[in-house]
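Some notes on the structure that comes next.
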Amino acid sequence: VDLMEGSKRGSLLSYVVLFTMATLFLLETRAFFTKSLVANLALDRSDDPRIRLNFNITMLDLKCDWAVIDVVSVLGTDQNVTAHVTKWNIDSEGVRKAYKGRNRNQKDIDLYDETVIETLEELHANGEDAVELNMETLQFAKNENDFLFVDFYASWCSHCRDLAPTWEKLAELMVDAGEKLGKQHPEDYTDEDFEAAEKVELPVMIAKVDCVKNHELCNQQEDIRAYPTLRLFVDGERWSGGD
């Protein structure tokens with residue numbers, strides 16, 4: 001008889017249990033039908049000191065060259081490994097394409113040629129060989145030159161100032177190469193090749209654009225996002241191999 005008697009405490013406990021079970025059931029059901037992005041990767045023991053990870057991240061509003069990759073150990077140690085990540089574009093079939101961007105955290109890029117010891121003022125003493133372009137003259141240079149190599153720079157950029165003597169030296173070498181082509185017939189040139197070379201005043205025209213003075217040209221027309229950006233144009237079109 002005692003087992004059939006109810007109490008307020010027993011009723012309250014039953015309601016709490018029923019409410020808890022219903023809540024858990026709803027939460028588990030919702031979790032089962034909900035899609036979520038899992039960005040954590042855990043590895044078992046490995047004796048290999050290096051590991052290669054291939055991953056695909058699609059970001060519609062953020063270029064992949066701005067992505068930062070961090071690795072967190074089991075002890076909570078956070079390490080940035082962006083400088084060791086090689087980024088490539090792939091098509092819809094998963095085939096790797098030429099990468100048109102850059103890894104902005106790479107440390108293995110030479111920003112200038114250390115063998116160029118002359119200052120920019122010394123190189124300009126006998127004239128300026130790297131041609132300064134603007135919106136009108138850039139289009140003209142694209143139309144008139146088979147190969148056009150342009151340094152998009154900003155006068156306030158320290159890396160641009162470091163590169164300037166190297167870029168001017170490169171322009172000087174191209175001018176000298178153009179003069180030699182017009183004076184002699186190289187042994188490894190056929191008559192047709194030599195005639196074609198004579199029509200080219202410069203093997204590669206070396207030019208530069210000050211993006212501070214030509215803001216619209218750099219940011220809207222050429223979509224320059226970092227300084228300096230070295231861009232090669234072939235037959236008036238941006239080289240598919242990237243900057």
Within the range 109-146, name every residue whose backbone N is under 20 Å away from a label modeled 7 Å from Cα of residue 155 along the Cβ vector. 119-125, 127-138
Any idea of residue 239's accessible area? Nearest 10 Å², probe 1.4 Å. 120 Å²
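The values are calculated or read from the model by the stated rules, or taken from the named source; none is laboratory data. Source: prediction; values computed, not measured. Neighbour counts run over all protein chains shown; Cβ positions are idealised from the backbone, glycine included. Side chains included, ligands, DNA and RNA excluded: accessible areas come from the protein's heavy atoms. Shrake-Rupley method; radii C 1.70, N 1.55, O 1.52, S 1.80 Å.
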